[in-house]
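Q: This is the structure, below, for whatever I ask next.
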Amino acid sequence: MERLKNFDDLTKLDEKHGLLSRFNGYLPNIEKMYEVISHEKLNSNVPDEIKGQFNVARNMALYTYYLYALAPEVQLKTYTIIEHALRLKANSKKRLMLRNLLELAVKNEWIKDRGFRHLKISDDSMEWCHNLITVIPSLRNSQAHGSTLLEPSCLHHIFVCADFLNQLFPTDECT
């Protein structure tokens, strides 16, 4: 493990962001990251245990500014939060696997494409949600069992996770 040379190292952007920005043009800004992440709210009906874990993921995402290596951990955290939330929603006596839980969510229309802000869909399309049935378990497994996948930002995972949770536990008000 690399040792910190001094306390100032904790206040600097991780150099890996600079290297990645040469390829993707994205360089994070800590103030903007904080502003964006702090606006992500969960509905009041989302169980407290899920809200607590979501807050852990948000804080981890913010700290990727200082330590890029946390980004894949944030991604994995969002998948496990979604799985936990699906287990609570399903309330099944039988232990269902993630894929089965996602199939149940799509079948029962607990989630819909139009409930994900980044899709900009106004109809009742379910194409993206149907793809989640295979994509989320695959991404979760690749992260859980080792991966070299690099992404410029994990914030998108936070946004999708929030949208997913808010659809599972809908209400008119947010907390």
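Nothing in this text is a laboratory measurement; each read-out follows from the coordinates by a stated rule. In this text the structure is predicted, and so the values were computed from the model without any measurement. Using ideal geometry, Cβ is built from the backbone for each residue, glycine included, and neighbour counts are taken over all protein chains shown.
Q: Which of the peptides 52-59, 83-90 is most tightly packed, and how do the rest follow, judged by the mean count of other Cβ atoms within 10 Å per residue?
A: 83-90, 52-59
Q: Filter Lys51/Lys77; Lys51/Lys120; Lys41/Lys77; Lys51/Lys89; Lys12/Lys32 down to the pairs with a C-alpha to C-alpha distance above 20 Å, please.
A: Table pairs above 20 Å Cα-Cα are Lys51/Lys120.
Q: Using a 10 Å cut-off on Cβ atoms, rank the peptides 19-31, 103-115 from the highest mean neighbour count down.
A: 103-115, 19-31
Q: Which helices, taking whole DSSP H runs in the chain, have alpha carbons extending 27 angstrom or more along the helix axis plus mean Kyte-Doolittle at least -1.0?
A: Counting only whole DSSP H runs, the qualifying helices are 71-90.
Q: Under 11 Å from a point placed 7 Å out from the Cα of Ile30 along the Cα-to-Cβ direction: which residues of the range 56-99 have their backbone N that close?
A: Hits in the range 56-99 for Ile30 at 11 Å: 63-67.
Q: Sort Ile81, Ile121 by Cβ crowding within 10 Å, fewest neighbours at the top.
A: Taking fewest neighbouring Cβ atoms as first place, the list is Ile121, Ile81.
Q: Of Trp128, Ala61, Leu139, which is farthest on the positive side of the dipole of the chain, counting Cα position, with +1 on Lys and Arg Cβ, -1 on Asp and Glu Cβ, and the Cα centre as origin?
A: Leu139
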